[in-house]
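Asker: Submitted below is the structure of interest, expressed as structure tokens.
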Amino acid sequence: MSTISTGENPAGHVCPHQIAFIFDNPIRRIFQNPNKMLRPYISEGDTAIDIGCGPGFFTIEMAKLVGSSGKVIAIDLQEKMLGDVRKKAIKHHVEERIKFFQCEQDRVGLDQKADFLLAYHMVHETPSPRAFLKELKTMLNENGKILIVEPKMHVTQNAFEDMVSDIKELGFRVCDFPAKIGGRNVLIGLKE
């Protein structure tokens, strides 16, 4: 387990594809409804990015929210995760709205600006959370927002507060600490 306060995750622990089914099931939708969670942040026509999309629990709903004039980019380190999201997108008839991008272990590597970025339970899995956050800054439109959600069981309150301090030092502004999203949460944007 990494701590965000050190700024490093040398092991690069990433949730394996083999257990992804745990994170995408009907019971989870009762407690974490993707539409309710994301609707306040995504509008029709937006470009939205799901970083560390896993099996696509949020990706499909993001594609529905951006509508036919919007676009979602599903990013994951694991090719098999992206394959699962692609199958699900076809099933839900939103495949034309989703682009798939396989990132590297130590950087996203995507040259794309977005209106909304979601980093759900994954910042602590990056080799360098600070470098990761710095890269996200280059991917955000002027009025865009990033929703970061970290799991309480892997990220302590102190580590989360250290991450928020890093966020401010990197030139972001904290917009909100949304409740009931599934962990330690912060909504950020670029400084005005």
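Quick note: the coordinates plus some simple rules give every number you see, no bench work behind them. Predicted, not measured: the structure shown is a model, and the values here were computed from it. Cβ placement follows ideal geometry from the backbone for every residue including glycine, while neighbour counts extend to all protein chains displayed.
Asker: Excluding residues on the same chain fewer than 8 positions from residue 80, give the aspartates and glutamates whose Cα lies under 19 Å from its Cα.
Answerer: 24, 50, 95, 104, 106, 125
Asker: While we're on this one: Test of understanding: in a Gaussian network model of the chain with alpha carbons linked when under 10 Å, which of 69, 128, 43 would top the mean-square fluctuation ranking?
Answerer: Looking only at 69, 128, 43, the biggest GNM fluctuation is shown by 69.
Asker: Would you order 95, 135, 125 from fewest to most other beta-carbon atoms within 10 Å of each residue's own beta-carbon?
Answerer: Ascending number of Cβ neighbours within 10 Å: 95, 135, 125.
Asker: How many nm is it between the label spots at residue 191 and residue 170, if each spot is 7 Å from the Cα in line with the beta carbon?
Answerer: 1.5 nm
Asker: At R0 = 45 Å, how high is the FRET efficiency between residue 39 and residue 158 if r is their beta carbon distance? Nearest 0.05 is fine.
Answerer: 0.90
Asker: According to the square roots a ≥ b ≥ c of the eigenvalues of the Cα gyration tensor, what is the shape class of region 96-192, taking rounded for a/c under 1.5, prolate for a/b larger than b/c otherwise, and oblate for the remainder?
Answerer: Here region 96-192 falls in the rounded category.
Asker: Most mobile of 35, 141, 158 per a Gaussian network model of the chain (Cα springs, under 10 Å)?
Answerer: Among 35, 141, 158, the largest GNM mean-square fluctuation belongs to 158.
Asker: Which ordering of 31, 58 is given by a fewest-first count of other beta-carbon atoms within 10 Å?
Answerer: 31, 58
Asker: In what order do 120, 41 fall by count of nearby beta-carbon atoms within 10 Å, going from fewest to most?
Answerer: 41, 120
Asker: Mind checking which of 49, 60, 181 has the largest fluctuation in a GNM of the chain, springs on alpha carbons under 10 Å?
Answerer: 181
Asker: Grab the DSSP H runs of the chain that are 4 residues or longer, score each as -39,500 (n - 2.57), total them, divide by all residues and round the 222 nm result to the nearest 500 deg cm²/dmol.
Answerer: Estimated from H runs of four or more residues: -8000 deg cm²/dmol.
Asker: Now a separate question. Less than 21 Å apart at the alpha-carbon level, and either on another chain or at least 8 residues along: which lysines does that give for residue 137?
Answerer: 71, 99, 113, 145, 168, 191
Asker: Could you tell me the relative contact order of the chain? Use alpha-carbon pairs under 8 Å, at least six residues apart, and round to a whole percent.
Answerer: 22 percent
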